[in-house]
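The structure appears right after this line, and notes come after that.
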Amino acid sequence: MGRGATKLSRRDKDNLNKIFIVAAESSGDQLGAYLIDSLREQSIEPLDIRGVGGGKMATNGVSSPVDIRPLAVMGVVDGLLAYHKVKELVQQTVQEIVRAKPQIVVLIDSWGFTIRVAKQLRKHLPECKLVKYVAPQVFATRPGRAKTTASFYDHLLTIHSFDHTFFEAEGLDTTFVGNPALFLDDKPAHTKSDFQFNPDNKTVLSVFFGSRSAEIRQLHKHFLDALDLVREEFPDLLVVSPLSDSVATEVRALAMTDSRLQDIILLEEHQKTDVFRASRLALACSGTITLELANSKVPSVVGYRLGGILGYPLQKLLFKAPFASLINLAAEEAVLPEYLTRECTGENLAKSLLELLQDDELYQRTQEKLKRTIDKMRGGVSSPSAAAAEKILSLLA
C-alpha cells in the first residue's frame, strides 16, 4: 500500500470519491506521483485513486494495469511507426477507466495519447469530468489544438502563466498551477569538492541527452562531437550525465561501442539534483530539464533535432514560436543558446559552451537573467501539485 492508504471494504470503496490519473510518459508519471500525494494530504475524506502510469505513481500506491513503456516515442515519424501500439494502449486505458467509473479523470501531458483517451471517454462516460494537466504548447505549434482541447475537456491545469489566453478564448476554464520544475528545493550549491565524483575539484559540465529513445538517437553523436571540441580547450573538464530511467539502459549499451561515452560519468536519474548543484555549465536536450537547470542557476546550451530527412521541413512547418526553450520564451530573448535540427551540430554547441566557460562576465549575466526569468515564471505559486490538487478536489463538489 502507498503512503496514506488505508484498508477499506469493497462497499466502502464504492462510496468513495474516485479519481483516475493517466500519465503516459516519464515526466507525467512524476507529476502524477506529486499529485497523488497532494490529493491525499488535502482531502478530508479518503479517496479511491487509480491510474495508468509508471514507477513513480506505483511507488505512491497507484499501480498501473497498463504498461506505458511503449509510449516513449517522439516526433511524427516515430509516432506513425508506433500508431497501432498506441491505439491498443488507448483502448486498454479506456477500458480500465470505464471499469473504475471515476468522477474525475486527470490526463497528464502527452497530447496524442491523452486526446484519444478523452475522445473515447466522452462517449463511454459522458458524466465524468475530464481535466487536462499540462496544456499542449499551442504557443509554439498547432494553435488549433486549443479548440480541440476545449471541445473534450472540462478544465485545464496549466503549468505556464501565459497559456490561459489561448484556451479561455475557446471557452475552456483554466487554472494556472505552476511548473514543478521551478520548485526544486533551495539547498545551497555544493562546491566542486563536495561532489563525490569530483575528488580533484575539477570544473563540472553536465550533459542531458534526453528522456526518449529518439532523442538519444538524434542527439548523442552531436553532443559527443561538441564535448570533443570543448575538451581540446579544457582537457581537465569533468563531464557527468544523469540518465533518465527511460533511456539509461540504451545509453549504457551505446557506451559499449562508443568510447567517448566511456569518458563521461554516467549516473542514475535520482542523482541529478546533486549534479545540478555541482555543475558550472550544462549541455541539454530541449525540454523540462533546461528549466530545472535554470532553477538551479546553471546556464545551459540547448540542442534538439527532429529526425530524418523531414526534420528541417517539419521544424519550419510546425514550429511557430521564436524560441524552443521556455526560458527564452518567458524572457523574450535568447538567454540560453539554442540550436535546432540542422543547426544542432557539434561545432555550434561547442562554440557556445566555450564562450560560457571562458567569459566570466557573460556567464554571470546569464545567471542573473535566469534568476529573473525563473522568478517571473513562478507567478506567485508556492506548490504546483498542491494547487492542482486543490482545484481537482473542488471539482468533486
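The values are calculated or read from the model by the stated rules, or taken from the named source; none is laboratory data. Computed from a predicted structure; not experimentally measured. As a convention, Cβ positions derive from the backbone with ideal geometry for all residues, glycine included, and neighbour counts pool all protein chains shown.
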Task: For PHE197: the one exception among (1) more than 27 Å from GLY379 (Cβ to Cβ); (2) hydrophobic (A, V, I, L, M, F, W, C); (3) surrounded by 15 or more Cβ atoms within 10 Å (Cβ to Cβ) - done: (3)
Task: Failed criterion for GLU390 (all others in (1) outside the structural domain of LYS18 (by TED's automatic domain parsing); (2) in contact (Cβ under 8 Å) with a residue 40 or more places away in the chain hold) - done: (1)
- [ ] May I ask you to list the residues in the stretch 245-267 that are among the charged types (D, E, K, R), out of contact with any Asp or Glu (no Cβ under 7 Å at 6 or more places or on another chain) and either more than 16 Å from ILE216 (Cα to Cα) or modelled with pLDDT under 90 (or both)?
- [x] ASP263
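Condition check ((1) surrounded by fewer than 16 Cβ atoms within 10 Å (Cβ to Cβ); (2) modelled with pLDDT of 95 or more) across all residues:
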| residue | (1), (2) |
| --- | --- |
| SER352 | no, yes |
| LEU356 | no, yes |
| MET377 | no, no |
| SER383 | yes, no |
| ALA386 | no, yes |
| ILE392 | no, yes |
| ALA397 | yes, no |
Task: Hits in the stretch 139-154 - residues which are closer than 20 Å to PRO384 by Cβ and crowded, with 20+ Cβ neighbours inside 10 Å - done: THR149, TYR153
- [ ] Could you please find all residues in the stretch 143-185 being outside any loop (DSSP other than H, G, I, E, B), of a type outside the set (A, V, I, L, M, F, W, C) and under 17 Å from ASP109 (Cα atoms)?
- [x] ARG145, LYS147, THR148, THR149, SER151, HIS155, THR158, HIS164, THR174, THR175, PRO180
Task: Some residue of the stretch 71-86 being surrounded by fewer than 21 Cβ atoms within 10 Å (Cβ to Cβ) and at pLDDT 90 or above - done: no
